[in-house]
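Following: one structure in structure tokens, then a few remarks.
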Amino acid sequence: MLYSAFIFGILGSFHCVGMCGPIAFLLPVDRNNNFKKLLQILFYHSGRILSYAIIGFGFGLLGKSLSIFGFQQELSIAVGITMLAFLVIPAFQKTRFKLGGQGFRIISKVKNSLGKELKKKSNDTFFTIGFLNGFLPCGLVYMAVLGAIAAGNATEGALYMAFFGLGTIPLMTTAIWIGNFLTAKIKTNIRRLVPIFLGAVAILFILRGMGLGIPYISPKIETEKVQAFQSCH
């Protein structure tokens with residue numbers, strides 16, 4: 001499923017340019033030295049991907065705890081259904097992830113730290129900005145997190161989120177390098193691909209959970225193989 005995370009990141013990056021674009025455009029990159037500018041942008045992306053991987057690691061642990069109790073297949077189906085719900089049910093589309101008082105305080109601190117870092121120009125500054133940027137609320141990241149949970153373990157969860165972050169790099173790099181180069185019409189047309197692809201990923205999660213015996217898409221449930229092997233002895 002890692003390839004789906006990467007493609008999701010590519011398509012989702014058009015949303016990222018709109019949401020995270022203001023931060024990216026304000027990055028204090030060196031406009032007079034292309035090599036240094038590229039290095040600074042790579043530091044920024046490294047920070048973002050690390051934060052995504054940490055988030056994926058945490059939610060991957062959650063998925064592992066559920067799979068330990070034998071809910072791995074059900075979890076995959078539940079994740080797919082949840083993704084579809086956000087696409088087809090208007091009530092879900094209007095839903096906002098509400099944060100409590102503590103959540104708002106944490107996000108405020110992250111934003112304040114970002115503001116301070118944007119005034120600096122050292123290499124570690126770009127890494128820090130990217131790292132903090134990765135923890136800001138984002139609907140697409142929430143969708144990717146569902147995939148990390150369905151991964152069923154911390155390592156796969158971290159990799160899923162890291163591949164999602166890698167997919168956002170090409171467009172985000174271009175946006176930082178030359179500014180907001182996409183017209184509103186182009187953004188709108190490409191953003192229409194995001195729900196289509198998300199729906200396809202949701203169906204893949206559901207099929208994987210069903211264990212239909214389709215190679216790479218819906219492999220047989222491992223427990224069934226173990227039981228069959230034990231019965232032969």
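Every number in this text was worked out from the coordinates using simple rules, so none of it is lab data. This one's a predicted model, so the numbers in the text were calculated from it and none came from an experiment. Cβ atoms come from the backbone with ideal geometry, glycine included; neighbour counts cover every protein chain shown.
For the modelled label position 7 Å from the Cα of T82 along Cα-to-Cβ, which residues of segment 27-69 have backbone nitrogen atoms closer than 16 Å?
55-68
Quick check: convex hull over the Cα atoms of segment 132-175, volume per residue in Å³, rounded to an integer?
Convex hull volume per residue, Cα atoms: 76 Å³.
Where does each of 78-84, 191-197, 134-140 land if you order them by average Cβ count within 10 Å, highest first?
Numbers: 78-84: 19.9, 191-197: 14.1, 134-140: 17.3.
The densest-packed peptide leads the list: 78-84, 134-140, 191-197.
Sort 54-60, 28-34 for me by packing, meaning the mean count of neighbouring Cβ atoms within 10 Å per residue, highest on top. List each step's numbers first, then the result.
Numbers: 54-60: 22.0, 28-34: 12.6.
Descending mean neighbour count gives 54-60, 28-34.
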